[in-house]
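The values are calculated or read from the model by the stated rules, or taken from the named source; none is laboratory data. What you are looking at is a predicted structure, and each value in this text was computed from that prediction instead of being measured. With ideal geometry, Cβ positions are generated from the backbone for all residues, glycine too; neighbour counts draw on all protein chains shown. Calculation scope for accessible area: heavy atoms of the full protein, side chains included, ligands and nucleic acids excluded. Shrake-Rupley method; radii C 1.70, N 1.55, O 1.52, S 1.80 Å.
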Amino acid sequence: MSSRRWSAESLQVLERTRQRCDRYLRSLDDRSVAPRAAAVAALSRLDEPLPAQPSAPEETLALLDELVTPATMAMAGPRFFGFVIGGTLPAALAANWLAGAWDQNAAFASATPGVARVEQVALRWLIQLFDLPRETTGAFVTGDTVANFTALAAARHAVLARAGWNVEADGLFGAPPIIVIAGGEAHPSLLKSLGMLGLGRARIVRAPVDAQGRMRADALPAIAGPTILCLQAGNVNTGACDPFAALIAAARRQGAWVHVDGAFGLWAKAAASHRRLVEGVEQADSWATDAHKWLNVPYDSGVALVRDPQALQAAMAVTADYLPSGAAERNPCDYTPELSRRARGVEVWAALRSLGRAGIEELVGRNCAQAREFAARLAAAGYEVLNEVALNQVLVAFGDAERTRRVVTALQQEGTCWCGITVWQGRTAMRISVSNWSTDDADVERSIAAMLRVAAG
Ligand SMILES: Cc1ncc(COP(=O)(O)O)c(C=O)c1O
């Protein structure tokens with residue numbers, strides 16, 4: 001090791017790494033979306049003993065690039081349609097690099113005023129973008145699972161506080177029981193979050209849903225005593241959103257806390273063309289969403305939003321007491337599960353600032369139109385589209401379960417694009433999820449051609 005300072009030589013590692021990134025980002029257009037088997041097999045070369053001695057940083061980076069770059073899934077690229085995955089906008093990736101150089105532990109505003117201010121602005125912009133009540137506060141966390149956990153911790157605090165119980169001090173031992181209601185098609189990670197909060201995955205009352213996975217407004221289970229109702233904006237299979245206006249009004253009238261898991265569906269609120277899908281969502285008490293999905297910032301990045309700042313602070317503040325710490329500034333760690341944390345809100349700020357309202361609206365609208373195009377063309381070719389394509393998700397069956405599985409596996413191996421497999425209400429289907437900023441109509445054409453070629457083969 002030549003130096004303990006950032007010498008010209010050590011800075012060169014960054015310059016060469018930037019060139020490696022250039023090559024990778026340019027390759028996304030032409031490379032197979034899935035990594036080739038040989039590249040995955042070559043990862044065995046990483047299984048070396050921990051080196052006894054230091055070596056040049058460039059040597060380590062060269063090995064990382066040589067072995068891992070070919071073994072990546074091209075999730076950052078325009079034809080990855082698996083799960084619900086965003087790429088990374090140029091401003092967001094560059095902000096991530098700069099924030100990496102800053103290496104701020106963004107727990108306390110007084111220690112890291114720059115990033116704390118940027119995160120505060122990003123939070124305000126998100127609240128305005130989703131048109132949530134202006135008193136809403138929030139937290140930048142690792143993803144929607146933790147955003148649900150964080151917001152539901154505030155919910156747990158509030159419903160028990162109303163029943164005269166201090167859950168942060170006394171835990172759930174002997175606490176008044178909480179009724180938790182979630183739709184029959186709630187995302188499994190929401191159930192996990194509830195389990196982590198001691199609310200019991202198996203105790204959740206599952207509300208009936210319709211054929212798109214929407215909770216039925218005419219079948220809301222009875223609400224009595226401390227109750228948390230969990231709704232969903234964007235079913236991971238169909239993209240469907242619960243009928244918020246009716247459900248939230250009924251639940252809040254009866255004193256329930258209403259939480260919305262809006263991992264990707266909440267972004268419909270940011271586009272005039274799709275806002276009607278989430279009408280009334282702003283009436284809820286808390287919301288969870290992802291930035292690493294439709295906002296296209298680097299992993300990992302989610303946001304918890306809570307109407308009552310006191311409830312979130314009570315659940316998350318580091319001080320043993322649930323009362324605010326009294327600090328003049330807003331300390332991020334008073335709202336997040338983590339104490340030490342990176343300022344992931346910086347990338348959210350960069351994405352929001354570079355896109356503006358119009359850019360976000362265009363992105364959401366374009367991806368939804370592209371989903372409709374996939375559905376129309378596959379239906380026209382005789383394949384069955386299983387969902388109403390209202391947002392960015394498409395479910396396609398190529399025949400029975402076995403045939404659909406075979407087509408999806410062959411498509412993944414063919415490499416033009418990548419879609420996953422799911423089972424929707426008993427039917428095996430290919431899932432197409434469109435949420436990447438760089439997906440253009442030519443990518444959709446190329447992908448449809450590959451799907452039809454593979455399905456016919
Ligand atoms: C509706 C919904 N909730 C929760 C999650 C989990 O999000 P994350 O993986 O960011 O924790 C997802 C992921 O797709 C989702 O679609």
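Observations, loosely collected:
- Scope segment 106-116; condition surrounded by fewer than 15 Cβ atoms within 10 Å (Cβ to Cβ) and closer than 11 Å to Pro332 by Cβ; matching residues: Ala111
- Residue tally, condition within 16 Å of the ligand (Cβ to nearest atom) and either small (Gly, Ala, Ser) or part of a loop (DSSP other than H, G, I, E, B) (or both), over segment 206-227: 4
- Of all residues in segment 99-135, exactly one satisfies the criterion of being outside any loop (DSSP other than H, G, I, E, B), aliphatic (A, V, I, L, M) and free of Cβ contacts under 8 Å to residues at least 60 places away in the same chain, namely Ala101.
- For the residues Gln393, Gln313, the requirement of being over 22 Å from Ala107 (Cα atoms) and buried (at least 19 other Cβ atoms within 10 Å of the Cβ) singles out Gln393.
- Filtered residues of segment 40-70 (kept if polar (S, T, N, Q) and free of Cβ contacts under 8 Å to residues at least 24 places away in the same chain): Ser44, Gln53, Ser55, Thr60
- Criterion violated by Ala94 - all others in (1) surrounded by fewer than 18 Cβ atoms within 10 Å (Cβ to Cβ); (2) in a loop (DSSP other than H, G, I, E, B); (3) in contact (Cβ under 8 Å) with a residue 40 or more places away in the chain satisfied: (2)
- Residue within segment 326-349 that is charged (D, E, K, R), touching a Ser or Thr at 6+ places or on another chain (Cβ under 9 Å) and within 16 Å of Leu93 (Cα to Cα) present: yes
Residue by residue, here is whether (1) outside any loop (DSSP other than H, G, I, E, B); (2) open to solvent by 10 Å² or more (accessible area, probe 1.4 Å); (3) within 16 Å of the ligand (Cβ to nearest atom); (4) at pLDDT 95 or above holds:
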| site | (1), (2), (3), (4) |
| --- | --- |
| Pro177 | no, yes, no, yes |
| Val180 | yes, no, yes, yes |
| Ala186 | no, yes, yes, yes |
| Lys192 | yes, yes, yes, yes |
| Gly198 | no, yes, no, yes |
| Leu229 | yes, no, yes, yes |
| Gln232 | yes, yes, yes, yes |
| Thr238 | no, no, yes, yes |
| His259 | yes, no, yes, yes |
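- Complete set of residues in segment 272-310 that are part of a loop (DSSP other than H, G, I, E, B), open to solvent by less than 10 Å² (accessible area, probe 1.4 Å) and of a type in the set (A, V, I, L, M, F, W, C): Ala284, Ala291, Trp294, Leu295, Val297
- Here the condition is being surrounded by 17 or more Cβ atoms within 10 Å (Cβ to Cβ), over 19 Å from Trp294 (Cβ atoms) and out of contact with any helix residue (DSSP H, G or I) (no Cβ under 9 Å at 6 or more places or on another chain); of Leu411, Leu386, Leu378, it holds for Leu386 alone.
- Summed over segment 126-146, residues that are within 18 Å of the chain's Cα centre (by Cα) and more than 16 Å from the ligand (Cβ to nearest atom) total 2.
- Subset of segment 4-24 (residues that are under 28 Å from the mean Cα position of the chain (by Cα) and open to solvent by less than 80 Å² (accessible area, probe 1.4 Å)): Thr17, Arg20, Cys21, Asp22, Tyr24
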